[in-house]
Amino acid sequence: MPKFEYESHSEPGSLPMERRRLRRVRMIVELTLNLISSDRTASHREARCLVDCARKAILELVPAFESRYERIVRPYFERVLQQRWPEEELRYSDPFETVN
């Protein structure tokens, strides 16, 4: 294998690593949306906690994703929460609130 092929896969910001991170972000979002929309036993508070945990996992995986999260991902979560619990006001969890 030529030297340049090793270098392209070993760099921390390489394209394959970036694709892998974005696939994981997509998987986290899809899994969270699925859980919120299909689990009929989950409360609104638990669903908000899931969204907060998903956000934390996404930002740990890709720290520079925060503005994209706020513009793109957060509206998806808000829409699913609003569709599932239309009577609940849209608010965000207290970071010190525990669910269980």
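The values are calculated or read from the model by the stated rules, or taken from the named source; none is laboratory data. Just so it is clear, the structure is predicted and the values come from calculations on it, not from any experiment. As a convention, Cβ positions derive from the backbone with ideal geometry for all residues, glycine included, and neighbour counts pool all protein chains shown.
Can you tell me which residues in the range 54-78 are aliphatic (A, V, I, L, M), in a helix (DSSP H, G or I) and either under 16 Å from Arg19 (Cα atoms) or in contact with a strand residue (DSSP E or B) (Cβ under 7 Å, 6 or more places away or on another chain) (or both)?
Ile58, Leu59, Leu61, Ala64
Considering the range 27-45 alone, what residues qualify as being more than 13 Å from Phe77 (Cα to Cα) and either modelled with pLDDT under 95 or surrounded by 12 or more Cβ atoms within 10 Å (Cβ to Cβ) (or both)? Lay out the reasoning, then the answer.
In the first step, residues of the range 27-45 are kept if they are more than 13 Å from Phe77 (Cα to Cα); the result is 27, 38-43, 45.
The answer is Ser38, Asp39, Arg40, Thr41, Ala42, Ser43, Arg45.
Taking the range 12-26 as the search range and keeping residues that are in a helix (DSSP H, G or I) and surrounded by 13 or more Cβ atoms within 10 Å (Cβ to Cβ), which one is nearest to the chain's Cα centre (by Cα)?
Val25
Restricting to the range 29-53, name every residue that is out of contact with any helix residue (DSSP H, G or I) (no Cβ under 8 Å at 6 or more places or on another chain) and assigned to a loop (DSSP other than H, G, I, E, B).
Residues satisfying the conditions are Asp39, Arg40, Thr41, Ser43.
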